[in-house]
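No lab work stands behind these numbers, since they all come straight from the coordinates. Since we're looking at a predicted model, the values are computed, not measured. Every residue, glycine as well, gets a Cβ built from its backbone with ideal geometry; the counts of neighbours run over all protein chains shown.
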Amino acid sequence: GENVEQHPSTLSVQEGDSAVIKCTYSDSASNYFPWYKQELGKRPQLIIDIRSNVGEKKDQRIAVTLNKTAKHFSLHITETQPEDSAVYFCAASRVDDKIIFGKGTRLHILP
Amino acid sequence: KAGVTQTPRYLIKTRGQQVTLSCSPISGHRSVSWYQQTPGQGLQFLFEYFSETQRNKGNFPGRFSGRQFSNSRSEMNVSTLELGDSALYLCASSFGTSGGSTDTQYFGPGTRLTVL
């Protein structure tokens, strides 16, 4: 909880290249870190999450890494495709406390 | 299984009025959270209800309130509307048993509120 900073706010990558979005959090007790994707005009949807007992998690072209010491976590998308264009939100929370979202990254996949 | 639904989808109000938004969670989900989404501030947590009790609360003024019914449906109320309350209000549901905000959340389509 408390504060989550997300960078960059906008990211443009060539189709087929990789995209990386980074977030830092302030509450060292945070133990759950989800990533949501929101396409234009649609609701946010969970794409991947990681808990603090794990350093990395992968699901096909998407991976998330967590560095608890530095209090930052990152989303990696490889072999980007046009359908990856969306706004991505990171978030941090802990049991029985409110969830805090980053301000979002608008990802553009260029043809 | 039906997803999270919200009503109404669009609402136009004038300053000073009040508004009530409704959220029906996924069947079996007992936690409902509410968020305000604006272009400049992203997704901001309003509050979470679990088993008819407010479990967590964000940093919003007391004009924002909510409640949850025994069937887990939730309502959010905003009194004395201000221009700055114009936003997309999203609700999300989860099982809620592992501790509120650390469950996977499933979002509804949102209610677009415009305050004139």
Report the extension gain between A:Ala29 and A:Val54 in nm, rounded to one decimal, defined as 0.36 nm multiplied by the number of residues separating them, less their alpha carbon distance. 7.5 nm
Hey, for a label at A:Lys71 modelled as a point 7 Å past Cα toward Cβ, could you say which residues of the stretch A:11-33 have their backbone N under 18 Å away? A:22-33
Of all DSSP beta bridges located in the protein assembly as shown, what percent are antiparallel, nearest 5? 90 percent
So between B:Ser79 and B:Ile12, what do we pick up on full extension, going 0.36 nm a residue minus the alpha carbon distance? 22.7 nm
Output the relative contact order of the stretch A:17-69, whole-number percent, from Cα pairs under 8 angstrom with separation of 6+ residues. 25 percent
Treat the protein assembly as shown as a sphere of radius equal to its Kirkwood radius over Cα pairs and apply Stokes-Einstein at 10 °C in a medium of 1.306 mPa s; give the translational diffusion coefficient in µm²/s, rounded to a whole number. 89 µm²/s
Please work out how much length the chain gains when fully extended from A:Glu83 to A:Asp17, using 0.36 nm per residue of separation minus the C-alpha to C-alpha distance, in nm with one decimal. 22.4 nm
Sites matching trypsin sites (Lys or Arg not before Pro) across the stretch B:13-70 that sit in DSSP coil, with at most 14 neighbouring C-beta atoms within 10 Å: B:Arg15, B:Arg63
For peptide A:92-105, how many partner chain Cβ atoms fall within 10 Å of a residue's Cβ, on average? 6
Between B:Arg112 and A:His108, what FRET efficiency comes out of the Förster formula 1/(1 + (r/R0)^6) with R0 = 22 Å and r the beta carbon distance, rounded to 0.05? 0.35
Separation of the stretch A:1-77 and the stretch B:5-25 by C-alpha centroid, Å? 31 Å
Which chymotrypsin sites (Phe, Trp or Tyr not before Pro) does the stretch B:17-87 hold that lie in a coil by DSSP with at most 16 other beta carbons within 10 Å? B:Phe69
